[in-house]
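None of the figures in this text is laboratory data; all of them are computed from the coordinates on show. The structure displayed is predicted, hence computed values, not measured ones. Neighbour counts run over all protein chains shown; Cβ positions are idealised from the backbone, glycine included.
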Amino acid sequence: MMLFPTDDYSLIAIILGMPLLGAFINGVWGKRLGDTAVRVMALSAVGVSFGASVVAFASLLQFASQEHGAHVRLIWNAWEWMHTTGGTGNVVPVAVRFSIDALSGVMMLVVTGVGFLIHLYATSYMAGDKGFARFFAYLNLFIFSMLVLILADNLPLLFVGWEGVGLCSYLLIGFWYETLANAAAGKKAFIANRIGDFGLLVAMFLLVRFTGSLDWNGLENGASSLVSLSGQGRVDVWPPGGGEYTGVFHWLQPSVPLTILPATAVGLALLLGCTGKSAQIPLYVWLPDAMAGPTPVSALIHAATMVTAGIYLVCRLAFVFVLSPFTMMCIAIIGAATALLAATIAVVQNDIKKVLAYSTISQLGFMFLGVGSGSFEAGFFHVFTHAFFKACLFLGAGSVIHAMHARIHDADKTQDLRYLGGLRKWLPHTHWTFLAATLAIIGFPLTSGFFSKEEILYRELINHSVSPMRSRYPKYHFFEPPQALGTVLFWTAVIAACLTAFYMCRLYFLTFWGDFKGWTVGRPSLLAKQELEASPHDAHDTGDGDDHHPADDLSMPGYAPHESPWQMTIPLMILAVFAVAAGLLNHLGGDKRPMDHWLEPVFKTARQGAVVIAEGHTEAWAQGEESFVTTFGVLAFAVGTGLAWWMYIAKKGAPAKSLSTAMPGLYRLVLDKWRIDELYDATILAGVDSVAETSAAVDKYVVDGLLARFTSLVVAASGSILRTLQTGVVHVYGATMVVGLVAMGWFFATPHPDATVADAGNDDYVITAAPGVGYKYRWDADGDGAPDKPEFGPDTTLKLHVEAGKTTTVNLEVRNAFGFVKSRAIQVAHSRTSTSSL
Amino acid sequence: MIPVGHYIILSSVIFVLGGLGFLVRRNVLVALMSIDVMLNAVNLALVAFNRAHLRAGRLQAYPGQSHTGQIFAFFVIAVEAAEVAVGLAIVLSLFRLTRTVRSDEAHLLRN
């Protein structure tokens with residue numbers, strides 16, 4: 001009897017539940033608990049979650065070694081959420097069901113592990129903030145949402161986590177919401193992500209429609225039905241929905257309707273979702289603005305974990321993506337283009353966090369390039385290593401900001417490279433950890449970034465995506481990316497890697513080398529004396545520099561920037577160690593690739609026949625290319641680093657200045673991020689705005705003006721007519737009453753010989769006379785002019801037989817209680833057509 | 001024995017007189033009295049019909065005999081009393097407000 005069997009692995013409840021509990025307690029009672037309790041709660045929540053994750057991962061390792069290469073999943077079924085109907089009419093259950101496999105297990109460890117370190121860092125970084133409890137409530141909620149995203153066993157549940165992290169991201173970007181720009185940045189991130197979410201939703205609908213399944217296992221088994229060669233099984237693109245344009249719009253009708261494979265439709269829709277979450281072209285614009293949030297947030301959400309969700313999703317649904325080589329090509333191209341574009345922007349930015357943000361976008365581009373080239377292990381391995389070095393870089397930047405904050409309180413200036421420099425003397429721990437992470441990201445040989453980036457470059461060069469359905473339908477022509485694509489993307493990536501090395505070294509040199517430009521650093525003994533003389537009660541607290549000083553004159557000499565406390569440096573050191581060493585997890589010397597081997601079962605289905613070595617080449621060629629790629633990888637690193645060294649250390653920034661003055665137009669263009677935001681403003685946003693303005697004008701002038709005014713005019717006119725009846729004179733009302741009474745009396749005094757005729761079948765008709773007070777009836781059915789009975793009687797109905805095609809006239813006489821008599825002739829016609837049908 | 005038709009004619013005459021008085025006279029008090037006259041005309045009709053009904057019933061002595069008409073007349077008298085009380089109160093407040101009991105000068109609710 002096992003405590004946690006693989007099919008009911010309830011330890012997941014602890015992994016997920018602790019951060020949720022932390023978020024709940026800190027969110028509801030945080031303010032009353034006090035900062036210490038909030039800190040303990042937040043740290044223990046993520047800490048326990050991390051501990052449980054380690055236990056879960058260890059047992060996963062154990063199970064996996066027992067199963068020998070099978071795809072092991074630790075499953076915990078919480079409850080049945082809902083069910084829907086698939087395209088084939090089958091019931092598709094949607095359960096709140098979580099699973100840990102090789103892929104999500106690694107992700108889970110990264111999220112909880114790096115998450116814990118960043119929580120620890122934030123306890124010190126955010127100390128004294130008035131939203132301390134709120135911050136940790138959001139941060140814990142983020143960890144929970146991210147874990148839901150990772151551990152979900154089906155797409156709808158993943159979507160819950162996907163939206164959850166989007167919400168937390170929004171809340172944390174706009175954490176200091178008093179500043180309008182921060183709130184706007186949060187909103188921008190949220191809206192850009194919503195566009196992506198739309199794609200994910202569409203993909204979900206298509207998957208239910210075509211595979212009739214939503215959980216990973218079912219999708220993996222049903223994925224092949226996404227490639228259907230019959231006309232019915234395809235997705236109509238133009239005309240939309242398979243309609244037809246006729247008449248005036250006939251020119252819109254193509255001669256052959258444009259349809260695509262469901263696999264391509266699903267892949268592209270998913271890709272839209274991934275570009276939103278993972279900040280790729282065209283939806284990357286939110287990530288640089290997201291730096292408005294506190295720095296630990298940037299490190300955790302906008303570098304290490306949430307933004308990699310897109311790559312995670314591609315890896316998770318690799319077996320869907322490989323079915324469409326076109327989608328794979330799109331992913332690779334988007335990745336390469338994003339990597340290059342973001343890298344060029346990062347070269348000229350002056351804000352530490354902006355440089356790191358664009359660096360993140362660029363690295364995410366590399367990951368997309370990796371997965372897009374069909375090498376999911378390589379892409380995911382870069383996710384893994386990137387989490388460490390980018391978190392370390394951001395936290396290092398936070399440490400620098402923390403140090404600058406002692407005297408500079410302007411949020412923009414504390415992170416402006418032009419005010420920094422020479423910090424390695426005063427911030428030794430921050431310096432060497434930052435250096436380690438920088439070496440990793442620029443691909444210094446044998447660091448983690450070196451291995452993961454080489455892997456991507458290598459796979460990109462040698463891999464070629466083909467449809468795995470090629471062997472099943474040999475006569476059908478499947479789309480195939482051009483042969484030269486791999487080479488083009490390889491060189492793009494090499495240039496991007498070179499730029500990465502340049503801008504990261506620029507960032508490092510400008511921050512930690514050269515002269516400090518923030519303020520004049522005076523001698524401590526002298527400063528203490530001055531302060532005592534000036535105002536003893538307002539003395540500097542040299543312990544930590546968090547105290548705020550009003551209107552500090554920066555030209556005055558002050559204390560040197562100080563190193564951060566241990567809560568901030570310890571996470572930095574741990575992350576730095578991983579940044580350097582994590583690459584060895586996949587390269588323990590020789591051909592052993594433990595990480596690739598570990599992930600192999602996850603990508604087994606996707607691998608089969610989908611990714612081949614580029615045509616016309618052999619296995620031996622591919623192996624020979626490895627040294628070629630390594631050469632250029634190291635060369636890119638060396639060129640970038642050397643250029644940065646020459647520019648910013650040897651020549652002290654003079655070449656950079658002369659370059660920017662030589663090409664002012666280009667410099668401004670890149671500094672303004674290629675004005676992509678402005679382009680979006682001018683095209684998409686302006687379009688939406690004009691639609692909104694048109695709608696507002698229609699609302700104002702047509703709905704409010706014409707329709708509402710016309711209606712009110714009618715009401716007002718009839719009101720003013722009816723108002724004249726309201727004379728206010730009691731006698732007029734009395735007279736009106738009398739008139740009414742007389743009318744009613746007249747109505748009751750006269751008999752009303754009304755009757756209805758009903759068809760009773762068989763040529764029979766029943767005539768029913770309307771009832772009334774004291775009414776008596778006399779019928780004349782035979783049409784001789786005289787009543788059938790001489791006396792008035794109580795018979796209200798008369799049965800009558802009328803032959804087809806004949807018409808009979810019946811006379812009805814009614815006498816009321818007052819003795820008044822009235823009569824009416826009723827014609828009963830039997831048309832011939834009504835009987836012929838039966 | 002006076003036939004019931006005579007009562008009905010008398011009752012109708014009184015009712016029409018009351019109605020005319022209500023419509024024609026401008027004094028609110030008189031209008032109120034006219035309403036009472038109309039109600040009494042109705043009472044007379046009720047009582048007379050009930051009486052005629054009883055007379056017809058006495059010949060056969062069937063158990064359905066009732067005095068509903070007479071009892072109903074009492075109800076009408078009670079309602080009349082209440083109506084007079086409320087009406088006079090209205091007239092009083094109208095007089096306090098406008099210093100007149102002429103109904104055509106009480107037209108605050110006009111239009």
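Dipole of the protein assembly as shown (Lys/Arg Cβ +1, Asp/Glu Cβ -1, origin at the Cα centre): which of A:Ala622, A:Tyr458, A:Leu158 lies farthest to the positive side?
Toward the positive end, the furthest listed residue is A:Leu158.
Suppose every Lys and Arg Cβ carries +1 and every Asp and Glu Cβ carries -1, with no other charges. What dipole size does the stretch A:753-836 come out with about its Cα centre, to the nearest 20 debye?
260
Tell me, what HN-Hα J-couplings in whole Hz come from the Karplus equation 6.51 cos²θ - 1.76 cosθ + 1.60 at θ = phi - 60° for each residue of the stretch A:370-379, using x for Gly and Pro?
x, 5, x, 8, x, 9, 5, 4, 5, x
Please report how far the C-alpha centroid of the stretch A:553-613 lies from that of the stretch A:491-519, rounded to the nearest whole angstrom.
19
Name the residue farthest towards the positive end of the dipole of the protein assembly as shown from the options A:Ser831, A:Thr711, B:Ala78, assuming +1 on Cβ of Lys and Arg, -1 on Cβ of Asp and Glu, about the Cα centre.
B:Ala78
Karplus couplings for the stretch A:598-610 from phi (6.51 cos²θ - 1.76 cosθ + 1.60, θ = phi - 60°), rounded to Hz, Gly and Pro as x?
With coefficients 6.51, -1.76 and 1.60, one gets 5, 7, 3, x, 5, 9, 4, 4, 5, 5, 4, x, 8 Hz.
With +1 assigned to the C-beta of every Lys and Arg and -1 to the C-beta of every Asp and Glu, and no other charges, what is the dipole magnitude of chain A about the Cα centre in debye, to the nearest 20?
1040
Name the trypsin sites (Lys or Arg not before Pro) in the stretch A:114-210 that are in a loop by DSSP and that have at most 16 other C-beta atoms within 10 Å, would you?
Those that pass, being in a loop and sparsely packed, are A:Lys130.
Give the residue list of chymotrypsin sites (Phe, Trp or Tyr not before Pro) in the stretch A:441-481 that are DSSP loop and have at most 12 other beta-carbon atoms within 10 angstrom.
Taking the stretch A:441-481 and a limit of 12 other Cβ atoms within 10 Å, the loop chymotrypsin sites (Phe, Trp or Tyr not before Pro) found are A:Tyr476.
Taking amide H positions as placed 1.01 Å from N in the peptide plane, with prolines and chain starts having none, which residues 5 or more places from A:Ser228, or on another chain, fall under 5 Å of its amide H?
Here A:Ala263 satisfy the definition.
Where does chain A land at 222 nm, in deg cm²/dmol rounded to the nearest 500, when only DSSP H runs of n ≥ 4 count, each adding -39500 (n - 2.57), divided by all residues?
About -18000 deg cm²/dmol.
Cut-off is 10 Å between beta-carbons; in what order do A:Ser224, A:Ser65, A:Ser373 appear when sorted fewest neighbours first?
The order, fewest Cβ neighbours first, is A:Ser65, A:Ser224, A:Ser373.
Could you list the square roots of 5 times each eigenvalue of the Cα gyration tensor of the stretch A:753-836, that is, the equivalent ellipsoid semi-axes, sorted largest first and rounded to whole Å?
26, 13, 9
Restricting to Cα pairs below 8 Å that are 6+ residues apart, what does the relative contact order work out to for the stretch B:4-98? Please round to a whole percent.
So the answer I get is 28 percent.
Based on Cβ point charges of +1 for Lys and Arg and -1 for Asp and Glu, what charge dipole magnitude is obtained for the stretch B:4-98 about its Cα centre, in debye rounded to the nearest 20?
140
Which ³J(HN,Hα) values in Hz, rounded to whole numbers, follow from the phi angles of the stretch A:719-726 under the Karplus curve 6.51 cos²θ - 1.76 cosθ + 1.60, where θ = phi - 60° and Gly and Pro get x?
In residue order, the calculated couplings are x, 5, 6, 5, 5, 5, 6, 7 Hz.
If you average the C-alpha positions of the stretch A:634-680 and of the stretch A:425-487 separately, how far apart do those two centres end up, in angstrom?
25
Taking the beta-carbon count within 10 Å as an exposure proxy, list A:Ser555, A:Ser225 from fewest neighbours to most.
A:Ser555, A:Ser225
Could you tell me which residue out of B:Ala45, B:Ile9, B:Val30 lies farthest along the dipole of the stretch B:4-98 toward its positive end? Charges go on the beta carbon: Lys and Arg +1, Asp and Glu -1, centred on the Cα centre.
Towards the positive end, the residue furthest out is B:Ile9.
Remind me, relative contact order of the stretch A:753-836 in percent, using alpha carbon pairs under 8 angstrom and six or more residues apart?
Reported as a whole number, the value is 30 percent.
Any idea what the relative contact order of chain A is, in percent, if you count C-alpha pairs under 8 Å spaced at least 6 apart?
That works out to 10 percent.
What is the fewest-to-most order of A:Cys330, A:Cys274 by other Cβ atoms lying within 10 Å of their Cβ?
A:Cys330, A:Cys274
Longest segment of chain A with no GluC sites (Glu not before Pro) in a DSSP loop having at most 11 other Cβ atoms within 10 Å?
Result, exposed sites excluded: A:245-614.
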